[in-house]
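First the structure, in the form of structure tokens, and then the observations on it.
The values are calculated or read from the model by the stated rules, or taken from the named source; none is laboratory data. Predicted, not measured: the structure shown is a model, and the values here were computed from it. Note that we place each Cβ from the backbone using ideal geometry, even for glycine, and neighbour counts take in every protein chain shown. These area figures cover heavy atoms from the full protein model, side chains too; ligands, DNA and RNA do not enter into them. Shrake-Rupley method; radii C 1.70, N 1.55, O 1.52, S 1.80 Å.
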Amino acid sequence: MFDVARHAGVSHQTVSRVLNDLPGVAAATRVRVRESIAALNYTPSPTARAMAQRRSGSIGLIQAGRPDYGPSSAALGFNEAAREAGYAVSQASMRTLDPDVLTQAVHRLVLQRVEAIVLISGEREGVDVLRGIDAGVPVVAVASEVEPGMHRVSFDQAAGGRLATEHLVGLGHRRIAHVAGPADSMDAAERRRGFAAALEAHGLQVREPVVGDWLAASGHAAGRRLLDDGWATAVFVGNDQMALGLLHACHEAGVEVPGELSVVGFDDIPEAAFFTPPLTTMRQDFDSLGRDIMATVADVLLDEAAAPDRTSRVPELVVRASTAAPRA
């Protein structure tokens, strides 16, 4: 830049203004500087320009928790959207949420001069840890519960829970059980809230859910417990993996689905259409969720105070063969 300035007979600040297309430079001077740039075959250093503009062109992504279908798919959608927007993504992953490891990951990303940090983790503790860290850069979290002072992106999980339950009520079921996800999961709590709200709106009994851990084995255990109880004619299961375990429990017990028990899952994982029977479930468009995350990051970087949360996307009911009207 200093060589260009000497060649054009101007200051290096003037060259910088021309390069960044800023006002305050006479037209003739601007032409002379551009001629000098061409004559010297000068190419601005992207690293130097990023440092001068306090931009690195990179975003930090932290994934905390098991690499399940939903979070992994959302992370892929976010990475694709970030790349299309001209950003690189620096990623840190941990199989279980450890506050110390999460804090270290944030500090490492800050040292890499990321412009913002994204957290994909359904556990409340991750959001709590992040809120207590002064990262010095904006933070966007995938969080379905209201988190004051934090930018959020999520599906409306409560609305999804309501829709799943309304589907069963609409078929004529009046004794509906729920297999919920873990107690520390925001999504599980919101789906449970939607389930209870739908039953209460119809004056139906709301029983305490059986709590699982998102895995098929816990769904199998929950299924055996519900079948032993014999009360429910339908079950809303908090995710498709647990629904798979519950369906297996029904098969072992000789209980026909949906003839004797209707089952609704949540997520619409690719295998759900090939369960036996094919699973009625709530579809979440995780690719769109990932793109919503990037759109929110872009808004925050443009004007953090005015950036809106994106939390209104509602899961879609996909009706297959695991639900039907109860037998008379």
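In degrees between 0 and 90, to the nearest 10, how far off the longest principal axis of the chain does helix 216-229 point, with axes built from Cα atoms?
It works out to around 30 degrees.
Connecting C-alpha atoms closer than 10 Å in a GNM of the chain, tell me which of Val169, Val31, Val257 has the biggest fluctuation.
Result: Val31 has the largest fluctuation of those listed.
Net charge around Glu145, counting only other residues with Cβ within less than 10 Å of its Cβ (Lys, Arg = +1; Asp, Glu = -1)?
Value of the local net charge: 0.
Please state the charge dipole magnitude for the chain, taken about the Cα centre, from unit charges on C-beta atoms (+1 on K and R, -1 on D and E), reported in debye and rounded to the nearest 20. Kindly include the intermediate steps, with their values, before the conclusion.
Details: 31 positive and 40 negative charges, 215 e Å.
Dipole size: approximately 1040 debye.
Given the protein chains as shown and a 1.4 Å probe, how many square angstrom of Arg207 are accessible, to the nearest 10?
Estimated to the nearest 10 Å², Arg207 gives 90 Å².
If amide hydrogens are placed 1.01 Å from N in the peptide plane, which non-local residues have theirs closer than 5 Å to the one on Arg320?
HN-HN under 5 Å from Arg320: Thr280, Thr281.
Can you bin the stretch 157-284 into rounded, prolate or oblate? Criterion: square roots of the alpha carbon gyration tensor eigenvalues sorted a ≥ b ≥ c, rounded for a/c under 1.5, prolate for a/b above b/c, oblate for the rest.
Working: a/c = 1.35, a/b = 1.15, b/c = 1.18.
Rounded is the answer for the stretch 157-284, as its axis ratio a/c remains below 1.5.
Out of Arg131, Arg225, Arg32, any idea which swings most in a Gaussian network model of the chain, alpha carbons joined below 10 Å?
Arg32
Please list Arg124, Arg193 from largest to smallest accessible area, probe radius 1.4 Å, with all protein chains kept in place. Don't jump to the answer; show the numbers that get you there.
On the way: Arg124 70, Arg193 135 Å².
Largest to smallest exposure gives the sequence Arg193, Arg124.
May I ask you to rank Glu147, Glu123 by accessible area, largest first, using a 1.4 Å probe over the protein chains only?
Result, largest first: Glu123, Glu147.
Under a 1.4 angstrom probe, counting protein chains only, how are Asp268, Asp228 ranked by accessible area, largest first?
Asp228, Asp268
Any idea what angle helix 240-253 forms with the longest principal axis of the chain, computed on alpha-carbon atoms, 0 to 90 degrees, nearest 10?
Tilt of helix 240-253: around 20 degrees.
Of the residues Leu204, Leu61, Leu261, which exhibits the maximal mean-square fluctuation in a Gaussian network model of the chain defined by a 10 Å Cα contact cut-off?
Maximum fluctuation in the GNM of the chain, among the listed residues, is at Leu204.
Among rounded, prolate and oblate, which fits the chain when a ≥ b ≥ c are the square roots of the eigenvalues of its C-alpha gyration tensor, a/c under 1.5 means rounded, and a/b larger than b/c means prolate?
prolate
Identify, among Thr14, Phe195, Gly60, the residue whose Cα sits farthest towards the positive end of the charge dipole of the chain, taking +1 on the Cβ of Lys and Arg and -1 on the Cβ of Asp and Glu, with the dipole about the Cα centre.
Comparing the listed Cα positions along the dipole, Thr14 ranks first.
As I understand it, the dipole of the stretch 124-271 uses +1 on the Cβ of Lys and Arg and -1 on the Cβ of Asp and Glu, about the Cα centre. Which of Gly230, Pro148, Ala243 lies farthest toward its positive end?
Gly230
Over the chain, what is the percentage of antiparallel beta bridges among all DSSP beta bridges, to the nearest 5?
10
Which whole-Hz couplings ³J(HN,Hα) result when phi for each residue of the stretch 266-272 is put into the Karplus expression 6.51 cos²θ - 1.76 cosθ + 1.60, θ = phi - 60°, listed in order with x for Gly and Pro?
These are the phi-based 3J(HN,Hα) values: 7, 2, 6, 5, x, 7, 4 Hz.
³J(HN,Hα) across the stretch 68-75 via Karplus (A = 6.51, B = -1.76, C = 1.60, θ = phi - 60°), whole Hz, x for Gly/Pro?
Per-residue couplings from phi come out as 6, 4, x, x, 5, 5, 5, 5 Hz.
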